[in-house]
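Asks: One structure is given below, represented as structure tokens, and several questions about it will come after.
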2 protein chains.
Amino acid sequence: MRDVSIGLVHYPVLDGRREIVTTAVTNLDVHDLARSARTYGCRRYFVVHPIEAQRQLVGRIVDHWTHGSSAKRIPDRKEALSIVETVPSLEATYAAMGGRDAIEVWITAARDLDRRRTLAEARAELAQDGKPVLILFGTGWGLAASVVDAADAILAPVRGPTSYNHLSVRAACAIVLDRLLAPEA
Amino acid sequence: MRDVSIGLVHYPVLDGRREIVTTAVTNLDVHDLARSARTYGCRRYFVVHPIEAQRQLVGRIVDHWTHGSSAKRIPDRKEALSIVETVPSLEATYAAMGGRDAIEVWITAARDLDRRRTLAEARAELAQDGKPVLILFGTGWGLAASVVDAADAILAPVRGPTSYNHLSVRAACAIVLDRLLAPEA
């Protein structure tokens, strides 16, 4: 079984016109992805943001729930948020995990892209031994091409029975982790 | 294939001391559950709230994204939010679907409860013909006992490989709909 960590990327990501932007932190992204990551046994959750004030905001959210009065009131939230780390860049994320060569970077994308791996194939790979895996999720309209190009694997997008494919990143992350890491039924 | 709709219940739900309370509307619950419902082909999404001002708030959120400038900017959000309806009670929800006897009410609960149906069993049932199904999700610490007792089925909780089971309602709804309604891989 391989170690799995996740990262939520705020830069470089795309906006609605496919231009590269930096997105703002969403409070519930911090909570929801931490809770999903903790549920599915992910080791670390990196919030990737280049702006120091935004990283400090994440730090304050995490501190409120891990040390503040809310940590006493809702201890299970403390348990989830304690896995959150803030980092200024993808390079810093890789460095925190021992370097880019020490890990595999998998990305998810709602857009149609080549070099696909189905979620079933990815699940089977995680069950084997291998390098720790960092799964990156993009905010905004998705990860920039530079991130996609540098990934070791591109996971097939989650699709329902309709042609609509605009899940929130909170929903998409939850479903991907469930497909990859849920115990056999 | 049966029709599936979802409902997000703000009353009667439990708080951390297992007392019955009314919870406040969370903006991203409106968005995320609508987007997940639309992705998985759910027919309707009921936001159940007894307080008129809170229903009006939901109405304003929906209106902003279905008629405001944001409807032009992000049309896929319009498509999702247009399935949102506000109702003052569960009784009003049942009435909107043709009456309690015309539907089956399924609930989800993170707590351990009797009368379980696994998600695989529930998925198989949805593939058959039958009454429309309304799946209810609770806010706060989950649905009150009166709702649980009156349900036709209680879906087994989503579990990861850890003992931690505190997914957000946004994540839990996404995973449940994926398990029940995703196309066969």
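Quick note: the coordinates plus some simple rules give every number you see, no bench work behind them. Just so you know, these numbers come straight off a predicted model, no measurement behind them. Note: ideal-geometry Cβ built from the backbone for every residue, glycine included; neighbour counts use all protein chains shown.
Asks: Within the range B:21-59, whose backbone N sits under 19 Å from a point 7 Å along Cα→Cβ of residue A:69?
Replies: Answer for the range B:21-59: B:24.
Asks: What are the residues whose amide H is under 5 Å from the amide H of residue B:117, where those residues sit 5 or more places off or on another chain and H is modelled from the backbone?
Replies: B:154, B:155, B:156
Asks: When only Cα pairs under 8 Å and 6 or more residues apart are kept, what is the percent relative contact order across the range B:4-181?
Replies: Details: 308 pairs, mean separation 53.9, N = 178.
RCO, the range B:4-181: 30 percent.
Asks: May I pose another question? If we count other beta carbons within 10 Å of each Cβ, what is the order of B:49, A:166, fewest first? Spell out each step's value before the answer.
Replies: Working: B:49 25, A:166 18.
Fewest-to-most Cβ neighbours within 10 Å comes out as A:166, B:49.
Asks: What does a probe at residue B:60 reach in the range B:5-31, counting residues whose amide N is under 18 Å from the point 7 Å along Cα→Cβ?
Replies: Counting only backbone N, you get B:24-31.
Asks: Consider a paramagnetic label point 7 Å from the Cα of residue B:26 along Cα→Cβ; state which residues of the range B:151-168 have an amide N under 17 Å from it.
Replies: B:158, B:165-168
Asks: Treating only the Cβ of Lys, Arg, Asp and Glu as charged (+1, +1, -1, -1), what charge dipole size does chain B show about its Cα centre? Round to the nearest 20 debye.
Replies: Details: 23 positive and 22 negative charges, 100 e Å.
So the magnitude is around 480 debye.
Asks: Given points 7 Å out from each Cα along the Cα-Cβ axis, report the residue B:117 to residue A:102 separation in nanometres with one decimal.
Replies: 4.8
Asks: Rounded if a/c is under 1.5, else prolate if a/b is larger than b/c, else oblate: which is the range A:87-185, with a ≥ b ≥ c the root eigenvalues of its Cα gyration tensor?
Replies: Working: a/c = 1.78, a/b = 1.21, b/c = 1.46.
Oblate.
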